[in-house]
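Throughout, read-outs are computed from the coordinates displayed, never taken from laboratory work. Every value quoted in this text rests on a predicted model; they were computed, and no experiment measured them. Here the Cβ positions follow ideal geometry from the backbone for every residue, glycine too, while neighbour counts run over all protein chains shown.
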Amino acid sequence: MPNIKSAKKRVKVEKRNNLRNRSIKSEIKTAIKNFEAVIAEKKADEGAKLLREASGIIDKAVLKGTVHKNYAGRKKSALAKKLNTITK
């Protein structure tokens with residue numbers, strides 16, 4: 001347990017940020033799962049809608065500093081590639 005006041009505050013802040021980050025990462029995973037479920041059913045129009053939603057969620061996570069921008073780009077690219085395989 002920390003003794004210094006600033007270290008005690010850091011513990012509180014890290015706990016709060018950890019909860020926020022876990023929530024955001026869970027939201028990303030859920031959006032990706034929903035997208036992949038629709039892609040498995042070969043529904044391109046609904047997949048395009050879910051791709052936009054998932055991309056928005058991922059972009060917000062980057063702005064909040066939860067995930068790295070390269071991670072976001074890689075995920076969005078992979079999702080778009082999956083959508084393109086069923087539209088062609």
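If you find the alpha carbon centre of the stretch 1-20 and of the stretch 48-88, how far apart are they in angstrom?
If we compute the Cα centre of each part, the gap is 32 Å.
Enumerate the lysines that LYS60 could reach by cross-link, defined here as Cα to Cα under 23 Å, with residues fewer than 8 away along the same chain left out.
Within the straight-line limit of under 23 Å, LYS60 reaches these lysines: LYS15, LYS25, LYS29, LYS33, LYS49, LYS69, LYS75, LYS76, LYS81, LYS82.
Based on Cβ point charges of +1 for Lys and Arg and -1 for Asp and Glu, what charge dipole magnitude is obtained for the chain about its Cα centre, in debye rounded to the nearest 20?
The calculation lands at about 640 debye.
Return a whole-number percent for the relative contact order of the stretch 5-87, with Cα pairs under 8 Å and 6 or more residues apart as the contact set.
Result for the stretch 5-87 is 31 percent.
Given N residues in the stretch 5-87, what is its alpha carbon radius of gyration divided by 2.2 N^0.38 Å?
So the stretch 5-87 has a normalised radius of gyration of 1.35.
Taking the Cβ of each residue in SER26, SER55 as the centre, tally the other Cβ atoms inside 10 Å and list the residues starting with the fewest.
Starting with the residue having the fewest Cβ neighbours, the order is SER26, SER55.
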